[in-house]
Amino acid sequence: MTDAPDIATSAEAMEAAALPRCAELHADGTDHAPAMPEAVARGAKARSPAEWAYQRVILYLKAFEEDLDDDHEAAMGFTGGATGILRIQGIGFHAPDLLTFSGLDEHGHRCQLIQHVSQTGVLLRAVPKPRDRPKPKRIGFRLARALETDETPPTPRDTEPATG
């Protein structure tokens, strides 16, 4: 007996076809969108909104870093508030709907932003690397490698509910 194929509604088929696609056009003709690794495209529908947003922010961060010179690093600014910029040291998610951004603010203070995916607005900014650092940090490349190999990011804490 042969397994019957999965039957999808037209809306489900359209959603599945759209999930792993993106485009980015620029006035100067340098049109490119972040490459979608097969491991990310595969199973995109099964991810929580937080994990899906986390993975796509990483791809955009890596693409942004590819165009930076050796004197600059990526920092993030966040829309909708006076949070300033954050020199990126980490990005994470907590399914189903939270993203986290950690790093140093413009004064060198450690900070973390925890944001609902529906309120995420990220501005990537090139900032001069610290003078005492010989090479700029490229966190987007490190994070994207994990996506390309379909690795689950390491979790420093157990996320199972505590038992009494």
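Values as computed for the structure displayed
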item: Residue among 108, 92, 84, 43 that alone is surrounded by 11 or more Cβ atoms within 10 Å (Cβ to Cβ) and modelled with pLDDT of 85 or more; result: 92
item: Positions within the stretch 124-160 being modelled with pLDDT under 85 and among the hydrophobic types (A, V, I, L, M, F, W, C), in sequence order; result: 139, 141, 143, 144, 146, 147
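The values are calculated or read from the model by the stated rules, or taken from the named source; none is laboratory data. All values reported here derive from a predicted model rather than from experimental measurement. Positions of Cβ are generated from backbone atoms using ideal geometry, with glycine treated the same way; all protein chains shown enter the neighbour counts.
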